[in-house]
């Protein structure tokens, strides 16, 4: 048929094989010959059944995302599925690897679906700000029921073959040769001589739906959507499958899809999809990577323990080192407790927990790091302490071992210079809790070897992290921009905004929490210690820390946390302190609205990102977006600060920054040359990088 679709016959069963590596995406060059093959087989009396299979490592893993938002060349997926449903002879999808998005929708057009044990099936379009556009919201509920379909479509999370079999999504899960078993299955179905019912006409599961319970489930999911449009549209589409005739529900799904695909939120989420993949592309990525068989972690505290768990979760043996037995045992106990919580929640089996714990080797002797291929230091954020640690590591680490510091701010070049092997040295800035948070800033020092950088970038993905390579500066990308975002926080309070008003402006924008809630969660003492180390002060925050108000861990910070609760309660004492400090400084207080709050915090954030891009600290504007979405909670539906700046209009941001610069004279508001250039060209690619 073509280079991408072939047809073979196996004892009268036609096997249609899609071969479009790497993931068999349903691009136009696949859809056209696939449609033609199915049309020919429908009318071919020699074909008693049809199997759709895929070459390579996976079934169809989705549509071609690069085609989204563009005029779609015919035939489109919906036409292929409609054609499938006109075929009277049995049609079977043979699924291995993943059947995702358009791949699962294609399979739903078949009479039967069979898999091997390792298959995963799902409709993840919501993660791109979309809903399934090929009938997934209308057909899936007819097989698995409306409630199960709603959960799958709104979460976008694939399910296993066994779960799919239990839910009646697949008809059989085979051992051994999947294609041979599928051909045998198709032949048996054909021998029955029955008329097989297309999924579109199977209404029994829908008739069982408790609509009130469904609406309650949808309402609960809507509350968790945090301003995202796609989850709400998914729920609406599945409800249409229950309440409307099939063709009407299918047409409504299409209208919802077209509305989403042309909207800013889906554009933002598709931008992030490609941005994460671009972020992993670094110079030297094709060099020979070093072998990483065992990882050493120095420090068993909160960060060290979390980093150790991240590597153990990825299947790596870990040597966990501490200065003495007591903190070591305390760290191991915390790790075991964290795994036990996962078991209690059902996200981890007891067997998996024991297997992961078995990967840990505890030690108080630096000599035990000699067999480690990567050694990560996670001790106190102090330059002298870190240099002392690496002095000891230098004496025991094997030649070629990669040395990494988990620092949030410190100069990795200075740390590397204190070792005899600066080419093996880099920064790995994990985010807390390190076993959960996805972002990993990989800090490239001046002398870091390309193969070391490529090795840890690849390794990060293997342990489920989103890697972004950044350069050396104070705070790297994330924390440097965080400082710019927070530069006006105290001024906003002194001029009249309450902490709760600032936080509400942020959560209404789409952040999971505002800066003052975040400060209480992280611990105010951390930033206090950092300020003191740099000779900086913050009138209100410093006073809170001097009063022992460190946030949630002390029950008091910017807010009160009564009886150990995590829900913040506005504290009159803090509000009185703010008024006193304002009076002492001669600042007249006034009402400050949410627009001003966002301008004075988010516009400096973008401005600092522009400086970082121009300095070459980040290779691409999209890398900055990946950092801020995955590490700091920037709303996914806005695509990250640099993408959002384009939606806002860079000229507007420059104009407002200039206004606030005139009003305050503070440097944080002075528009960067890179931002001005972006305002003229409309492209971050026009900004000189480094």
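The values are calculated or read from the model by the stated rules, or taken from the named source; none is laboratory data. Predicted model, so just to flag it, every value in this text is computed and none were measured. Heads up, the Cβs are rebuilt from the backbone with ideal geometry, glycines too, and the neighbour counts pull from every protein chain shown.
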Considering only residues that are touching a strand residue (DSSP E or B) at 6+ places or on another chain (Cβ under 9 Å) and assigned to a loop (DSSP other than H, G, I, E, B), look in region 450-485 and name the one that is farthest from residue 614 (Cα to Cα). 463
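Applying the selection to region 367-382, what residues are surrounded by fewer than 19 Cβ atoms within 10 Å (Cβ to Cβ) and touching a helix residue (DSSP H, G or I) at 6+ places or on another chain (Cβ under 7 Å)?
367, 370
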Extreme residue, modelled with the lowest pLDDT, among residues of region 260-283 that are surrounded by 14 or more Cβ atoms within 10 Å (Cβ to Cβ) and part of a loop (DSSP other than H, G, I, E, B): 282
Every residue from region 140-174 that is surrounded by fewer than 17 Cβ atoms within 10 Å (Cβ to Cβ) and within 18 Å of residue 52 (Cα to Cα): 172
So residue 385 passes all but one of these: (1) in contact (Cβ under 8 Å) with a residue 40 or more places away in the chain; (2) under 23 Å from residue 434 (Cα atoms); (3) assigned to a helix (DSSP H, G or I). Which condition number does it fail? (1)
Restricting region 328-350 to residues that are surrounded by fewer than 17 Cβ atoms within 10 Å (Cβ to Cβ) and over 27 Å from the mean Cα position of the chain (by Cα), which is nearest to residue 312 (Cα to Cα)? 333
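Which residues, taken from region 54-107, are assigned to a helix (DSSP H, G or I), out of contact with any helix residue (DSSP H, G or I) (no Cβ under 8 Å at 6 or more places or on another chain) and within 22 Å of residue 161 (Cα to Cα)? Step through it out loud before you land on a result.
Applying the first criterion (assigned to a helix (DSSP H, G or I)) to region 54-107 yields 65-67, 77-84, 102-107.
Applying the additional criterion that residues be out of contact with any helix residue (DSSP H, G or I) (no Cβ under 8 Å at 6 or more places or on another chain) yields 66, 82, 103, 107.
Correct list: 103, 107.
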Quick test of your reading of the structure: residue 601 fulfils all but one of (1) more than 16 Å from residue 501 (Cα to Cα); (2) buried (at least 17 other Cβ atoms within 10 Å of the Cβ); (3) in contact (Cβ under 8 Å) with a residue 60 or more places away in the chain. Name the failing condition by number. (1)
Subset of region 333-364 (residues that are closer than 20 Å to residue 301 by Cα, touching a helix residue (DSSP H, G or I) at 6+ places or on another chain (Cβ under 7 Å) and assigned to a loop (DSSP other than H, G, I, E, B)): 359, 364
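Specify the residue that is surrounded by the fewest Cβ atoms within 10 Å (Cβ to Cβ); the eligible residues are those in region 93-118 that are over 11 Å from residue 63 (Cα atoms) and within 22 Å of the chain's Cα centre (by Cα).
Narrowing region 93-118 to residues over 11 Å from residue 63 (Cα atoms): 93-98, 107-118.
From the residues that got through so far, the ones that are within 22 Å of the chain's Cα centre (by Cα) too are 97-98.
Values: 97: 20, 98: 23.
Checked region 93-118; the qualifying residue surrounded by the fewest Cβ atoms within 10 Å (Cβ to Cβ) is 97.
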Does residue 28 satisfy the criteria of being assigned by TED's automatic domain parsing to the domain that holds residue 185, under 26 Å from residue 138 (Cβ atoms) and modelled with pLDDT under 95? yes
Exactly one of 348, 374, 369 is assigned by TED's automatic domain parsing to the domain that holds residue 299 and more than 23 Å from residue 439 (Cα to Cα), and that residue is 369
Which one of the conditions (1) closer than 22 Å to residue 522 by Cα; (2) out of contact with any strand residue (DSSP E or B) (no Cβ under 7 Å at 6 or more places or on another chain); (3) in contact (Cβ under 8 Å) with a residue 12 or more places away in the chain does residue 631 fail to meet, given that it meets all the rest? (2)
Within the bounds of region 641-662, is there any residue that is closer than 24 Å to residue 229 by Cβ, in a loop (DSSP other than H, G, I, E, B) and touching a helix residue (DSSP H, G or I) at 6+ places or on another chain (Cβ under 6 Å)? no
Of the conditions (1) in contact with a helix residue (DSSP H, G or I) (Cβ under 9 Å, 6 or more places away or on another chain); (2) assigned to a loop (DSSP other than H, G, I, E, B); (3) under 25 Å from residue 442 (Cα atoms), residue 403 satisfies every one except a single condition; which number is it? (2)
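Residues are listed down the side, and each one gets a yes or a no for (1) touching a residue at least 24 places away in the same chain (Cβ under 8 Å); (2) under 29 Å from residue 441 (Cα atoms):
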| site | (1), (2) |
| --- | --- |
| 241 | yes, no |
| 254 | yes, no |
| 278 | yes, yes |
| 296 | yes, yes |
| 308 | yes, yes |
| 322 | yes, yes |
| 341 | no, yes |
| 353 | no, yes |
Tally the residues that are assigned to a strand (DSSP E or B) and within 20 Å of residue 287 (Cα to Cα), restricting the search to region 429-449. 2
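Okay, residues lined up against (1) surrounded by 15 or more Cβ atoms within 10 Å (Cβ to Cβ); (2) within 32 Å of the chain's Cα centre (by Cα); (3) not assigned by TED's automatic domain parsing to the domain that holds residue 433:
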| position | (1), (2), (3) |
| --- | --- |
| 514 | yes, yes, yes |
| 519 | yes, yes, yes |
| 535 | no, no, yes |
| 547 | no, no, yes |
| 560 | yes, yes, yes |
| 563 | no, no, yes |
| 574 | yes, no, yes |
| 578 | yes, no, yes |
| 589 | no, no, yes |
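Which one is nearest to residue 257 (Cα to Cα), of the residues in region 215-227 that are surrounded by fewer than 20 Cβ atoms within 10 Å (Cβ to Cβ) and in contact (Cβ under 8 Å) with a residue 40 or more places away in the chain?
Kept after step one, since they are surrounded by fewer than 20 Cβ atoms within 10 Å (Cβ to Cβ), are these residues of region 215-227: 215-217, 219-227.
Still in the running and in contact (Cβ under 8 Å) with a residue 40 or more places away in the chain: 217, 221, 226-227.
Numbers: 217: 22, 221: 19, 226: 20, 227: 17 Å.
Applying the filter and picking the extreme gives 227.
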So which residues in region 1-24 are under 23 Å from residue 134 (Cα atoms), assigned to a loop (DSSP other than H, G, I, E, B) and touching a helix residue (DSSP H, G or I) at 6+ places or on another chain (Cβ under 8 Å), if there are any at all? 4, 20, 24
Of those in region 197-224 that are assigned to a loop (DSSP other than H, G, I, E, B) and more than 20 Å from residue 136 (Cα to Cα), the residue modelled with the lowest pLDDT is 224
For residue 513, only one of the following conditions fails: (1) outside any helix (DSSP H, G or I); (2) touching a strand residue (DSSP E or B) at 6+ places or on another chain (Cβ under 7 Å). What is its number? (2)
Any chance you could count how many residues in region 420-433 are within 10 Å of residue 310 (Cβ to Cβ) and out of contact with any strand residue (DSSP E or B) (no Cβ under 9 Å at 6 or more places or on another chain)? 1
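Of the residues 182, 157, 115, which single one is outside the structural domain of residue 636 (by TED's automatic domain parsing), part of a loop (DSSP other than H, G, I, E, B) and either modelled with pLDDT of 95 or more or in contact with a strand residue (DSSP E or B) (Cβ under 9 Å, 6 or more places away or on another chain) (or both)?
On the way: 182 fails: part of a loop (DSSP other than H, G, I, E, B); 115 fails: part of a loop (DSSP other than H, G, I, E, B).
The match here is 157.
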